[in-house]
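The block underneath contains the structure these notes are about, expressed in C-alpha coordinates.
The values are calculated or read from the model by the stated rules, or taken from the named source; none is laboratory data. In this text, all values refer to a predicted model and were calculated from it rather than measured experimentally. Positions of Cβ are backbone-derived with ideal geometry, glycine not excepted, and every protein chain shown enters the neighbour counts. The protein model used for the area step is the full one, side chains on, heavy atoms only, and it has no ligands, DNA or RNA in it. Shrake-Rupley method; radii C 1.70, N 1.55, O 1.52, S 1.80 Å.
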Amino acid sequence: SQFSVFIGARTHATIAAFSTAVPTLSLAYSQKSEGLNEDIFNHLDYCIKAKDLTVARVITALEQLYIDQRLVIVGS
(Lines give C-alpha, C1' and ligand atoms only; values in the text may rest on other atoms or scores of the structure.)
Protein backbone atom coordinates (compact mmCIF):
# COMPACT_ATOMS: atom_id res chain seq x y z
CA SER A 1 0.00 0.00 0.00
CA GLN A 2 3.02 2.29 0.20
CA PHE A 3 4.23 1.72 -3.36
CA SER A 4 4.20 4.63 -5.80
CA VAL A 5 3.30 2.19 -8.57
CA PHE A 6 3.04 -1.58 -8.96
CA ILE A 7 3.71 -3.77 -11.99
CA GLY A 8 2.46 -7.30 -11.64
CA ALA A 9 1.42 -10.41 -13.48
CA ARG A 10 -0.06 -12.47 -10.65
CA THR A 11 -3.77 -11.92 -10.09
CA HIS A 12 -3.72 -11.75 -6.28
CA ALA A 13 -0.81 -9.33 -6.26
CA THR A 14 -2.56 -6.95 -8.64
CA ILE A 15 -5.81 -7.25 -6.69
CA ALA A 16 -3.91 -6.29 -3.52
CA ALA A 17 -2.46 -3.25 -5.28
CA PHE A 18 -5.86 -2.25 -6.71
CA SER A 19 -7.52 -2.60 -3.31
CA THR A 20 -4.98 -0.31 -1.64
CA ALA A 21 -5.28 2.31 -4.41
CA VAL A 22 -1.75 1.77 -5.71
CA PRO A 23 -1.51 2.67 -9.42
CA THR A 24 -1.13 -0.74 -11.06
CA LEU A 25 0.14 -1.93 -14.42
CA SER A 26 -1.02 -5.48 -15.14
CA LEU A 27 1.04 -7.85 -17.27
CA ALA A 28 -1.68 -10.16 -18.56
CA TYR A 29 -0.95 -13.77 -19.37
CA SER A 30 -4.61 -14.71 -18.91
CA GLN A 31 -8.00 -13.10 -19.42
CA LYS A 32 -8.39 -12.60 -15.66
CA SER A 33 -6.13 -9.53 -15.74
CA GLU A 34 -8.00 -8.10 -18.69
CA GLY A 35 -11.33 -8.67 -16.95
CA LEU A 36 -10.17 -7.03 -13.73
CA ASN A 37 -8.90 -3.98 -15.59
CA GLU A 38 -12.14 -3.72 -17.56
CA ASP A 39 -14.17 -4.01 -14.34
CA ILE A 40 -12.10 -1.45 -12.41
CA PHE A 41 -11.12 1.08 -15.07
CA ASN A 42 -13.50 0.35 -17.98
CA HIS A 43 -10.43 0.17 -20.24
CA LEU A 44 -7.21 -1.78 -20.79
CA ASP A 45 -4.79 1.17 -20.83
CA TYR A 46 -2.95 -0.24 -17.79
CA CYS A 47 -2.99 -3.85 -18.94
CA ILE A 48 -0.43 -5.29 -21.34
CA LYS A 49 -1.13 -8.67 -22.91
CA ALA A 50 1.80 -11.11 -22.90
CA LYS A 51 1.92 -11.14 -26.71
CA ASP A 52 2.27 -7.32 -26.72
CA LEU A 53 4.88 -7.15 -23.96
CA THR A 54 7.92 -5.09 -24.88
CA VAL A 55 10.13 -2.74 -22.88
CA ALA A 56 8.83 0.19 -24.93
CA ARG A 57 5.19 -0.77 -24.24
CA VAL A 58 5.84 -1.04 -20.48
CA ILE A 59 7.58 2.35 -20.42
CA THR A 60 4.75 3.98 -22.38
CA ALA A 61 2.08 2.46 -20.12
CA LEU A 62 3.97 3.48 -16.97
CA GLU A 63 4.33 7.03 -18.25
CA GLN A 64 0.59 7.19 -18.92
CA LEU A 65 -0.23 5.67 -15.54
CA TYR A 66 1.98 8.25 -13.84
CA ILE A 67 0.42 11.15 -15.80
CA ASP A 68 -3.11 9.91 -15.09
CA GLN A 69 -2.35 9.38 -11.40
CA ARG A 70 -0.92 12.90 -11.09
CA LEU A 71 -4.06 14.30 -12.67
CA VAL A 72 -6.22 12.44 -10.15
CA ILE A 73 -4.15 13.70 -7.21
CA VAL A 74 -4.05 17.28 -8.49
CA GLY A 75 -7.72 17.25 -9.48
CA SER A 76 -8.95 15.86 -6.12
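How would the range 1-54 be classified by its alpha-carbon gyration tensor: rounded, prolate or oblate, with rounded meaning a/c under 1.5 and the a/b versus b/c comparison settling the rest? Since a/c reaches 1.5 and a/b is larger than b/c, the shape of the range 1-54 is classed as prolate. Summary value for the range 15-63: 33 percent relative contact order, contacts being C-alpha pairs under 8 angstrom separated by 6+ residues. Loop exposure criterion: chymotrypsin sites (Phe, Trp or Tyr not before Pro), DSSP state outside H, G, I, E and B, at most 15 other Cβ atoms within 10 Å. Applied to the chain, the longest stretch between such sites is 30-76. Using a simple spin-label model with pseudo-atoms 7 Å out from Cα toward Cβ, ARG10 and GLN31 lie 2.4 nm apart. Computed with a 1.4 Å probe on the full set of protein chains, the accessible area for ILE40 sits at about 80 Å².
Estimated from helices alone, the mean residue ellipticity of the chain at 222 nm is -17500 deg cm²/dmol (sum of -39500 (n - 2.57) over DSSP H runs with n ≥ 4, per residue).
Probe of 1.4 angstrom, ligands and nucleic acids ignored: what's the accessible area per residue over the chain, in square angstrom?
Computed with neighbouring chains in place, this is 67 Å² per residue.
Taking loop as defined by DSSP and a crowding limit of 14 other beta carbons within 10 Å, which trypsin sites (Lys or Arg not before Pro) in the range 1-73 fit?
ARG10
Within the shell defined by Cβ-Cβ distances under 13 Å, the residues around ARG57 carry a net charge of -1, with Lys and Arg each +1 and Asp and Glu each -1. Placing +1 on the Cβ of every Lys and Arg and -1 on the Cβ of every Asp and Glu, with no other charges, gives the chain a dipole of roughly 220 debye about its Cα centre.
Using Cα atoms only, what is the angle between the long axis of helix 31-41 and the major principal axis of the chain, expressed in degrees (0 to 90) to the nearest 10? For 31-41 against the chain, the angle is about 20 degrees.
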